[in-house]
Structure formats: C-alpha cells, structure tokens
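Beneath this line is the structure, given in structure tokens, with notes to follow.
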Amino acid sequence: MNNGEIVCTGLVKTYNVGQPNEFKALRGLDLTLSEGECASIIGPSGSGKSTLLNLMSCLDTPTEGEVYIEGIDINSLNGFEKARLRREKLGFIFQQFNLIRGMTSYENIELPMRFKGLPPKERKKRVTELLDLFGLEGKERNKPTELSGGEQQRVAIARALANNPKIILADEPTGNLDTKTGEKIMDLLLRLNQEEKKTLVIVTHDQRIAQQTCKVVEIQDGRIK
Amino acid sequence: MIDVALKNVFRQRVRSGLTILGIAIGIGLILALGAIGEGLNKQIRESFGDIAGVIDVRADFENDEGISDDVIEGIKKIDGVTSVVPVGEYQIRRGSRGMGGMMFRFGGVGGASMTFTGIFPEDQDYLIGEHIIAEEGRKLDESDDREYVVVLGSTTAENQYLNLGDEIEYERREDGEDEEIESYYFEVIGILEETGDSSIDEAAFVLLRTMQELEDDETITSLKVRISDVELVETITEDINYYSDEVMASSPLSMVRNMESTLSTLQMAVYGIAAISLLVGGIGVMNTMIMSVMERRREIGVMKAIGATTTTILIQVLEESAFLSGIGGLTGLMLGYASTGIITQYTTFTTILTPELISLGLGFSVILGMGAGLYPAWSASQLDPIEVLRYE
C-alpha cells in the first residue's frame, strides 16, 4: 500500500507512568486521514498536538492504541524499520527549519537520499529537480545562515520531499516567518497537497492557517474536541 | 558519509588541529623512542660481532696461584666443552721515551694501550679457528718456540698503524728497589684477516712460553673455553662457576644478552611512557568528540528524525574520530621520521625506523581513535530526537 493514509486508533500517551508527575498527554484519540487529505491540528499548548505529531512521526510509541502509516502498524517496527519508514514514507517540516548548519542547501536536500543509499547520480537529478521546483536555483552552494527564513523553509520542504513521500508532517511551518513569507510557504504546501496529492498534516495554533486546510482537527486535553 | 565526517572535523579547525597534535606527539614519541631502541640493539649486536661459543675463564681475584691443572682438566670434562685453551694476558706499558730508530709506534691521539695474548702454538687453531688465515705474513708456528714474534688481529694492526716487520716494544718492570726496566722487541710476523669477532680482531697473539720465560712466571691466569653449541653458553658458564671457586667464568654472549635484556626493560619503560602520552592523546580525541557531539545534538536529532538510523549516526561519529586520530597518526609518523633524522644527525645514537614500528604507530592510532570514539558515538546514536528537538 502506498496511499498516504494515516490511521490512529485509541491513542493514549502517558508520560512518567506511575510517578507522582504522571501526565496523560493523549486520552484515547481516534483519527483517520486518507490519501491526499489536508488537515490542520490545532489546540492550546499542552493539549497534546505535538504528542500526536510525534506518534505519527514514529519518533515516539503510544502507551495504548495504534498508529498505522499506509497500513503499517508502527508498534510492530524495530528502530531500523522506523528510520526507514521516516525517510521513505514521511516528510518533515519544522518550525525552526532544522537544516544542518554545516551543509549547503544542496547537501541538506540530498541528505535523506543518502540515508536511503541512493546513488549520487540519482540524488543529483532529484536535488536539481527540487531546487528548480522551489525557486532555489543559484542557492545550492549557500549554507543555511546565508539564506533568508523563507528560503531556509523552502530548502527544508525540498528536503522533506527528497525521497518523494506521500505524507508531509509540518510542525508550525510558518511559526518563524513573517506573515507574507508565511503565506507563501503555506501556498507552497497547499499546492503540494492539491497537485501532487500529498497527505498534509499541519500542526499550528494559528487560526488563519487552519482555515486554509480542508479538515481542522481541534484537540483539547488529549482528545478531539 | 566520510565527507560529512570530514566536514565536521574541519568545522572546528583549531580544536581538531590540537586534538590531532596530541595524537601526533604520542605517535611521534613512540616512533622516535622505538627507533632509538632498535638502533641501540643493532649497535650492541654489531659491536660484539658474532662472538659465539667462547667462554672466558679467569683466576678468581683472591687466587694468586693461577688456575691449577686439576681445574683445567675438570673444565674439559664439563658437558658441551670442546676445548680448553690456557692463555696469558700481558699488558703493554706504553713507552714514553723517545727511542731513536725504534719501529714502535702508537696510533691515534694520545696513543693506545695494547694487550698481548699469550698462547701455545698448538692451541692456536682452537682459539682463532683453523679457517682463519693470515692476510699478511703467517700465523704462529710450533717452530717459533720462545721467539719474540707477534701475530696481530686486523683491527689492532689498523688502529695501531702496524705493518708486517714492525717491532713492538714490551717493557718488563722488575719489582725491586731500583725499578729496573728491560725492553723486549716483538716482530710482527703476521696480520690476520678480518673475522668480525672482536676477541680476535682486537688481539695481538704471542707465544705463551716466551712470555712465561720473560716474566719468569708460569701461572695460568686465564682460559678460553670453546663449546659445542652457542645456545649452551649460559649453562656452561654457570657450570664452570659452580665447578670451581678458583675461577670466574663469563662469556661475551651472556654479556650481550644481559645488555639486551637491560635494554629491553628500558625499552618497555620508554614504550610505557609513550603509551601514556598516546593515552592522553586518546583522551583528547574522546573529549573533542564528546564536545562535538554535544554541540550537534540538535543536528543529530534532526538527522534521526528525517530517517538516519542509529547505525548511521554511530558510524559517522566513529569515522570522525578515526579520521582525527588517523591524521594524527600520519602527522605523528612524519614527526617521528623527522625527529629520528635529527637524532641521527646531531647525536651519536643510531636510529632505525622499522616497518613494524611504523605499522605499530599507525595501527595504534586508528585503534585509539575508534576506542576513543566509541562512547561519544554511542551516546550520539542514543539521542532521542523528541527531547533534542523540543528543548534545544
């Protein structure tokens, strides 16, 4: 199956189990996002939206319940398989861009393909393609510090798409950008959703951004409101 | 991902440089000290030549009577002894008076002393070896009985500038009230070929009977004991010492072995010091790697988030540390090479940089780098991306 579907059933995440500071971040959450869907997850801080994103990213494991990425139960995967799933089926976009400082735009975009073990020729073709697609021609030799915020986020999006995943998970993608640049980045993401049928999940607390997505999932106290 | 490791090393040039220097000094030290040790070993082996199966037996200090015939016969019966040759050693007193027309000359600055080794002609083959021939003149002969003749070893002849037909003055001092001095002249009748055995090359052989008559003293104070198997030198030397209190046996070979064992102890100590310095270098690598990993926690977290496996991270950090110490090792090699060159040039030490030493140094540096990188690499690979991305 390669359909970009995410299914969460009965998700419970409890931190510090059995300790005095035990904390339930998610208290039984069900959510299905089908192929090509565009959803925003909103909620106040501490509502559990980041926890949900971490679970969908295979970075964390649920205390109870299951997460299926394209039909694969992530609880059944070992560390190596999770890493493979992350680099092949998921694309990540962060609020802080999180580009590798010592590497050029080109190398940053290339990175997931190197983790995958693609040959240099193939990598080069894909990087060039992505640089073109996001209007980054001429910036391939620049380090992140030499780029504007918008450019950095575009490099980050290009990196997320390197291995052509069906699912894009974005954590406050415009949070560190001014309004105008933020809008441009949002347009870009929505275009990927519409034109390439990527499943898009955006975590945000910005209502204006949430309004642009077709589905708004509001989380409060670890449940969908 | 070697290029990534390289890039990371070059990101902190000064820090990486200093770390590399630390390793380089350690490796350089091992190479330089090792090369000196090898050189000393070689010098010792060379200076003693291939003296093998000869044991020197001397009358004990407290024994004024000389070595008795009984003892000589007894030593002959010890297992492994092939022949026992009595010799007498006579120190030549240097003539200081200008004696006109005398052929007697001493070479070198300040002159040199010389020892006459008195032997019986029939023992000559045992002592010198039948196959050793005289390069000039001839060897001693039974017919030379009581003659004043001398056969020189090649080194002696060369060092003292003596030629066939020259005469060497031997001064005999009469212990008495007026300290009368009598001079005897020994003619050089032969110069032996070079043997590589210093006990022959550096000797001057005369007839024992001539010397006994001249000194009016027939005591035997020294024996040369030849043995069947070089490997038995130590055992037989001990046997002789055990057999009689009258004598003290020693062999140049056991001396060489003693020196070698002292030297190897010394070498162990020196290697120990070098190893400590290398260990310090290794700690430097570890420190640098821990710092480097700490600084890049977020980066490593991101890499894991976007699909790097634990192994990828582990290998990358290991590569980085292996690279640091590898470069350190190569630099150390150059340092070691340069310093042995300088040592050879400006001191009397001979240095030998063996391939074993070089591979030891390089191998050690790589193993050290891997070892020092293990902990930082492991801790980097265990970073939790969620934690790192949330808090940093």
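The values are calculated or read from the model by the stated rules, or taken from the named source; none is laboratory data. Just so it is clear, the structure is predicted and the values come from calculations on it, not from any experiment. In this analysis, Cβ positions are derived from the backbone assuming ideal geometry, glycine residues included, and neighbour counts consider all displayed protein chains. Side chains are part of the model used for accessible areas, which takes the heavy atoms of the whole protein and leaves out ligands, DNA and RNA. Shrake-Rupley method; radii C 1.70, N 1.55, O 1.52, S 1.80 Å.
Some observations on this one:
- Chain A: most fluctuating residue of A:GLY71, A:GLY150, A:GLY182 per GNM, C-alpha cutoff 10 Å: A:GLY71
- Toward the positive end of the charge dipole of the stretch B:183-303, with +1 on the Cβ of Lys and Arg and -1 on the Cβ of Asp and Glu, the farthest Cα among B:VAL285, B:LEU253, B:GLY301 is that of B:GLY301.
- Extension gain for A:ILE224 to A:GLN96 (0.36 nm times residue separation, less C-alpha to C-alpha distance): 43.4 nm.
- Electrostatic tally near A:LEU131: other residues with Cβ closer than 9 Å to its Cβ, Lys and Arg +1, Asp and Glu -1, net -3.
- Leading residue at positive end of dipole, chain A (Cβ point charges), from A:PHE23, A:LEU188, A:TYR106: A:TYR106
- Peptides B:73-79, B:21-27 ordered by packing proxy, namely the average of other Cβ atoms within 10 Å per residue, highest first: B:21-27, B:73-79.
- Database remark: amide H of A:GLN95 closer than 5 angstrom to the amide H of A:ASP171 (H placed geometrically; neighbours at sequence offset of 5 or more, or on other chains; Pro and chain starts carry no H).
- Over all projection directions, the Cα-based convex hull of chain B averages an area of 28.6 nm².
- For a label point 7 Å along the Cα-to-beta-carbon line of A:LYS184, residues of the stretch A:68-105 with backbone N under 20 Å: A:93-99, A:105
- The label point for B:LEU232 and the one for A:ASP132, both projected 7 Å from the Cα toward the Cβ, are 9.1 nm apart.
- A simple count of charges around B:GLU193, restricted to other residues whose Cβ falls under 10 Å of its Cβ and scoring Lys, Arg +1 and Asp, Glu -1, yields -4.
- Listed peptides B:9-19, B:80-90 appear in the order B:80-90, B:9-19 once ranked by packing, highest mean of other Cβ atoms within 10 Å at the front.
- Around B:SER16: net Lys/Arg minus Asp/Glu count, Cβ-Cβ under 15 Å: +2
- Where trypsin sites (Lys or Arg not before Pro) fall in DSSP loop in the stretch B:233-337, at most 12 other Cβ within 10 Å: none
- For A:LYS24, the lysines whose Cα falls under 30 Å of its own Cα, not counting residues fewer than eight places away in the same chain, are A:LYS13, A:LYS49, A:LYS82, A:LYS89, A:LYS215, A:LYS225, B:LYS304.
- Between the residues B:LEU31, B:THR82, B:VAL14, the greatest Cα displacement towards the positive end of the dipole of the stretch B:1-92, with unit charges on the Cβ of Lys, Arg, Asp and Glu, is found for B:VAL14.
- Dipole moment magnitude, nearest 20 debye, the stretch A:6-224 about Cα centre, only Lys, Arg, Asp, Glu C-beta charged: 600 debye
- Separation in nanometres of the label points that stand 7 Å from Cα toward Cβ, at B:ARG172 and B:LYS7: 9.5 nm
- Full extension of the segment from B:THR354 to B:ARG58, taken as 0.36 nm per residue of separation minus the current Cα-Cα distance, would add 102.5 nm.
- 20 Å reach of a label modelled at A:THR14, 7 Å along Cα-to-Cβ, counting backbone N of the stretch A:58-83: A:60-67, A:75
- Averaged over the residues of B:325-332, the number of partner chain Cβ atoms lying within 10 Å of the residue Cβ comes to 0.
- Length-normalised contact order of chain A in % [C-alpha pairs under 8 Å, at least 6 apart]: 32 percent
- Loop exposure criterion: GluC sites (Glu not before Pro), DSSP state outside H, G, I, E and B, at most 13 other Cβ atoms within 10 Å. Applied to chain A, the longest stretch between such sites is A:23-136.
- The charge dipole of the protein assembly as shown, taken about its Cα centre with unit charges on the Cβ atoms of Lys, Arg (+1), Asp and Glu (-1) only, comes to about 9480 debye.
- Paramagnetic label reach from B:ILE44 (point 7 Å along Cα→Cβ; backbone nitrogen cut-off under 17 Å): within the stretch B:342-369, residues B:349-352.
- The modelled label-to-label distance for the pair B:ARG146/B:GLU295, using points 7 Å beyond Cα in the direction of Cβ, is 9.5 nm.
- Bridge type composition, the stretch A:6-224 - antiparallel percent by DSSP, nearest 5: 50 percent
- Trypsin sites (Lys or Arg not before Pro) within the stretch A:63-167, DSSP loop, no more than 15 other Cβ atoms inside 10 Å: A:ARG101, A:ARG141
- Helix content alone sets the calculated 222 nm mean residue ellipticity of the protein assembly as shown: runs of n ≥ 4 DSSP H residues at -39500 (n - 2.57) each, divided across all residues, give -15500 deg cm²/dmol.
- Solvent-accessible area per residue for chain B (1.4 angstrom probe, square angstrom): 51 Å²
- Solvent-accessible surface (1.4 Å probe) assigned to B:LEU232 amounts to roughly 60 Å².
- Point-charge dipole on Cβ atoms (K/R +1, D/E -1) for the stretch B:54-250, about Cα centre, debye to 20: 740 debye
- Counting Cβ atoms of other protein chains within 10 Å of each residue's Cβ and taking the mean over peptide A:72-81 gives 1.
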